[in-house]
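Q: Below you'll find the structure I mean.
Values quoted throughout were computed directly from the atomic coordinates according to the rules given, and no laboratory measurement underlies them. Nothing here was measured: the structure is a model prediction, and the numbers come from that model. Backbone-built Cβ (ideal geometry, glycine too); neighbour counts: all protein chains shown.
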Amino acid sequence: MHFAGKSIQGRRDYQQDRILFRSENDCFIAAVADGMGGYSGGELASQIVVDVCARRFEIFSSAPDPEGIERMILDIVGESREQIRKKSEEKEELKSMGTTLTVAAGCGGEYVVGNIGDSRTYLVTGSRIEQLTKDNSFVQEYREKYSGEEMDEAVLRNVSNALTRSLSGTDYEADVYPGGNRRFTIGEGDVLLLCSDGLIVDKIGDVGPRLLKLTRESGSPSKAANALIDWAYVNGSTDNISVILAYPGEWVTSGRWDFLNPFRRP
C-alpha cells in the first residue's frame with residue numbers, strides 16, 4: 001500500500017489533528033484523529049490514539065490474518081478509550097479530552113474501516129466516490145430523522161459541529177464497516193481518502209464530487225493531498241485540516257481512470 005498524507009494547523013491557534021499511515025507484510029493502516037477538549041487535552045487524546053494504532057498494527061502485521069482486522073480496530077478503540085480515561089482523571093483541564101478517529105486497516109487486498117466522530121473515510125473508485133463512514137453527529141441524526149422531508153437548514157448549520165459520539169473516557173463504541181466480520185476489497189486504481197472534518201467545509205451539502213475531482217485530476221498523490229487541503233482552506237475551513245490518500249498500486253489520474261475498476265462492494 002502506498003500513501004500520501006498532510007496535516008496543517010489552518011486557522012486554529014493550535015494543532016490537534018494527528019495522522020498515521022504504515023504498510024508492512026502486505027498489511028496497512030491509515031488513521032486520522034481530530035482531538036478536542038482544549039489545547040492540551042485534544043492534542044494528547046489524538047496522540048494517544050495514533051500511538052495505539054501504531055502499536056496494535058505492529059503486532060497485527062507480524063502475524064497477519066484478514067479475520068483479525070476488525071478485532072484489531074476494536075482493540076485500538078478499547079485501549080485508546082482506557083488510556084484517555086486515565087489521563088482525563090489526572091488533571092481538571094483534561095476532563096473533557098477526547099478525539100475522533102477514522103481508521104482503515106487491511107491485509108492481502110482486504111480491509112475494514114472503523115469510525116467514531118465526524119472524521120471520514122471515502123472510497124474513490126473509477127469515476128465514483130462513496131463515503132464509507134457515517135458521521136456521529138447531530139447533523140447526521142437530524143438528516144436521518146427527517147429523511148424525505150424539507151429540512152430546516154438553519155437548524156442544521158447551528159449544530160454543524162456537534163458530535164453525538166467521540167473517543168473519550170465514555171463507553172462509546174466505534175462503528176465498523178462493512179461490519180459483521182466482512183471486509184471490503186481494494187483493487188488497482190482505487191483510493192481510500194481519510195480526512196478530519198476540517199476538510200469538509202460544507203457539512204450540510206455533498207462535498208464528494210469536489211473531493212473526487214481534486215483527487216483524480218491531480219498529477220500525483222502529494223499534489224492531490226495539497227490540492228484537497230488548499231481547497232478547504234481557501235473555501236473557509238476554520239479547523240485543522242488533515243488528509244491521507246492510500247492506494248494499492250500505480251497512481252491513476254483522469255484520462256485513464258474512468259473505466260479501470262467496477263464499484264466494489266463487500
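Q: For region 122-247, what's the relative contact order in percent, using C-alpha pairs closer than 8 Å and at least 6 residues apart?
A: Result for region 122-247 is 29 percent.
Q: Another question, then. Treating only the Cβ atoms of Lys and Arg (+1) and Asp and Glu (-1) as charged, compute the dipole magnitude of region 90-152 about its Cα centre; round to the nearest 20 debye.
A: 260
Q: Can I ask one more? How high is the relative contact order of region 2-247, in percent, counting Cα pairs under 8 Å that sit 6 or more residues apart?
A: The normalised contact order for region 2-247 reaches 26 percent.
Q: Then there is this: Using a 10 Å Cβ count of at most 10 others and DSSP loop calls, identify the longest part of the chain lacking such GluC sites (Glu not before Pro).
A: Between the exposed loop sites, the longest stretch runs 151-249.
Q: Related question: Only Cα pairs within less than 10 Å get springs; with that Gaussian network setup on the chain, which residue of A174, A162, A31 has the largest fluctuation?
A: Among A174, A162, A31, the largest mean-square fluctuation in the Gaussian network model of the chain belongs to A162.
Q: Over region 1-70, calculate the relative contact order: mean separation of alpha carbon pairs under 8 Å at least 6 apart, over the residue count, as a percent.
A: Relative contact order here is 26 percent.
Q: Still on this structure, please answer the following. Could you tell me the number of lysine pairs in the chain with C-alpha atoms less than 22 Å from each other, where the two lysines are 8 or more residues apart or belong to different chains?
A: Count of close lysine pairs: 11.
Q: Still on this structure: Using only DSSP helix segments of four residues or longer, with each worth -39500 (n - 2.57), what per-residue ellipticity at 222 nm results for the chain after dividing by its residue count and rounding to 500?
A: One gets -10000 deg cm²/dmol as the mean residue ellipticity at 222 nm.
Q: Give the list, by residue number, of cysteines in the chain with no other Cys Cβ closer than 4.7 Å, or say none.
A: For the chain, the answer is C53, C195, because their Cβ atoms have no other cysteine Cβ under 4.7 Å.
Q: Okay, moving on. Among the chymotrypsin sites (Phe, Trp or Tyr not before Pro) in region 123-196, which ones are in a DSSP loop with at most 12 other Cβ atoms within 10 Å of the Cβ? Mind listing them?
A: Loop-located and lightly packed - none at all.
Q: Evaluate the Kirkwood expression for the hydrodynamic radius of region 37-122, namely the inverse of the mean inverse distance over all pairs of different C-alpha atoms, and round to one decimal in Å.
A: Kirkwood hydrodynamic radius for region 37-122: 13.6 Å.
Q: Just S242, S196, S220 to compare: in a GNM of the chain, with alpha carbon springs under 10 Å, which one fluctuates most?
A: S220
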